[in-house]
Amino acid sequence: MKENIVKRIARFYYEGFKQMTIGRTLWAIILVKLFIMFAILRVFFFQPTLKGSDEEKADQVRINLVSKQ
């Protein structure tokens with residue numbers, strides 16, 4: 001009987017990651033970099049510029065759109 005395709009794919013990746021040596025270090029570096037990019041940089045550099053109620057946000061967007069034309 002053929003095994004479910006999802007189970008076969010999951011087992012393929014599980015066995016591949018289990019046999020890694022240098023790859024684990026590389027994945028750890030990748031995950032640390034992603035954490036830095038999405039968690040730390042977002043907090044300090046990409047703060048939301050629109051604040052207030054929905055009505056105030058809509059007014060600010062409307063003013064910016066009209067002034068750009």
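The values are calculated or read from the model by the stated rules, or taken from the named source; none is laboratory data. What you see is a predicted model; the values in this text were computed from it and never measured. For neighbour counting, all protein chains shown are included, and Cβ atoms are generated from backbone atoms with ideal geometry for every residue, glycine included.
Just need a number here: residues in region 26-69 that are at pLDDT 85 or above and either in a loop (DSSP other than H, G, I, E, B) or in contact with a Ser or Thr (Cβ under 8 Å, 6 or more places away or on another chain) (or both).
Going through region 26-69 one residue at a time, the tally reaches 1.
Would you say VAL66 is among the hydrophobic types (A, V, I, L, M, F, W, C) and either in contact with a strand residue (DSSP E or B) (Cβ under 9 Å, 6 or more places away or on another chain) or surrounded by 10 or more Cβ atoms within 10 Å (Cβ to Cβ) (or both)?
Answer is no for this residue.
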